[in-house]
1. For the stretch 113-131, how many residues meet the condition of being surrounded by 15 or more Cβ atoms within 10 Å (Cβ to Cβ) and under 26 Å from L165 (Cβ atoms)?
2. The conditions are (1) crowded, with 18+ Cβ neighbours inside 10 Å; (2) more than 25 Å from V100 (Cα to Cα); (3) of a type in the set (A, V, I, L, M, F, W, C), and A227 fails exactly one of them. Which is it?
3. Which of (1) under 30 Å from M121 (Cβ atoms); (2) in contact with a Pro (Cβ under 9 Å, 6 or more places away or on another chain); (3) polar (S, T, N, Q) is the odd one out, the single condition N169 does not satisfy?
4. Tell me, which helices (runs of 4 or more DSSP H) lie completely within the stretch 1-120 with 3 or more residues that are more than 30 Å from T226 (Cα to Cα) and out of contact with any Gly (no Cβ under 6 Å at 6 or more places or on another chain)?
5. Of the residues I170, I222, only one is under 16 Å from the mean Cα position of the chain (by Cα) and either among the β-branched types (V, I, T) or surrounded by fewer than 20 Cβ atoms within 10 Å (Cβ to Cβ) (or both); which?
6. How about the stretch 142-182: which of its residues are in contact with a Lys or Arg (Cβ under 6 Å, 6 or more places away or on another chain) and among the basic types (K, R)?
7. Is the stretch 64-72 home to any residue that is under 17 Å from I161 (Cα atoms), open to solvent by 50 Å² or more (accessible area, probe 1.4 Å) and among the polar types (S, T, N, Q)?
Amino acid sequence: MFIGKKYADSQKLIEKSKLYDTNEAMDLVCKTSKAKFDETIEVHLRLGVDSRHADQQVRGAIVLPHGTGKSVRVLVFAKGDRANEAKAAGAEYVGDTDLVEKITKENWFDFDVVIATPDMMGTIGRLGRVLGPKGLMPNPKAGTVTMDVAKAVQEAKAGKIEYRLDKTNIIHCPIGKASFGTEKLAENFNTLVGAVIKARPAAAKGQYIKSCVLASTMGPGIKVNTAKLG
């Protein structure tokens, strides 16, 4: 496998077998972000649960204190006053059946977050097969099915992220950009990990956070010491 010079240089900064404390890991992940663009920093948490069982699901949403550094385009399915509130809160797209038609007929996906009022779920139900695989289908657990659309839009714009287990029992989440620096990334990281720990299922046995790896978009993984994560 070909490894670029920048990636190879970054690897030299990391001890493969070492488990780094949070702040040290954040400092390293910034130093190993050598691309010409502002790389996204991601966290990969492997949990000691089995996502095949309904009582061991881990899913939720959290607003990161410093956001994600990404500009978020919000689509809201709502009518009447709720539609007006969504527009006033800064949603880029607001509608109902017209937007359903646009998505299904034009294969349109120029948005990052989808929010809906509960009464709209019947209307957008048929979008499940196209929005679901992209992780865009509104969900009450993520706070994207709500009557308070204004708050949901504001939180999405402020850097709200959704965390959920994949089939291999790993949570993958962005916590900001390399330009944030160690302190802000650490605060975002601690907020995410705190939420995941709080969401621990009662059915989970043994060690909950099995491993934690930090990485920038183009950089190598850095192992974080899970013993100090709570």
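The values are calculated or read from the model by the stated rules, or taken from the named source; none is laboratory data. In this text, all values refer to a predicted model and were calculated from it rather than measured experimentally. Glycine gets a Cβ as well: all are built from the backbone with ideal geometry, and neighbour counts include every protein chain shown. Accessible surface areas use protein heavy atoms only, side chains included; no ligands, DNA or RNA. Shrake-Rupley method; radii C 1.70, N 1.55, O 1.52, S 1.80 Å.
1. 8
2. Condition (1) is where A227 drops out.
3. N169 satisfies all of (1) under 30 Å from M121 (Cβ atoms); (2) in contact with a Pro (Cβ under 9 Å, 6 or more places away or on another chain); (3) polar (S, T, N, Q) except (2).
4. Filter on the stretch 1-120 gives 80-89, 97-106.
5. I170
6. R164
7. Yes, the stretch 64-72 contains at least one residue that is under 17 Å from I161 (Cα atoms), open to solvent by 50 Å² or more (accessible area, probe 1.4 Å) and among the polar types (S, T, N, Q).
The rows are residues; the columns are (1) farther than 17 Å from K151 by Cα; (2) in contact with a Lys or Arg (Cβ under 6 Å, 6 or more places away or on another chain).
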position: Q56; (1), (2): yes, no
position: R59; (1), (2): yes, yes
position: D81; (1), (2): no, no
position: E85; (1), (2): no, no
position: V114; (1), (2): no, no
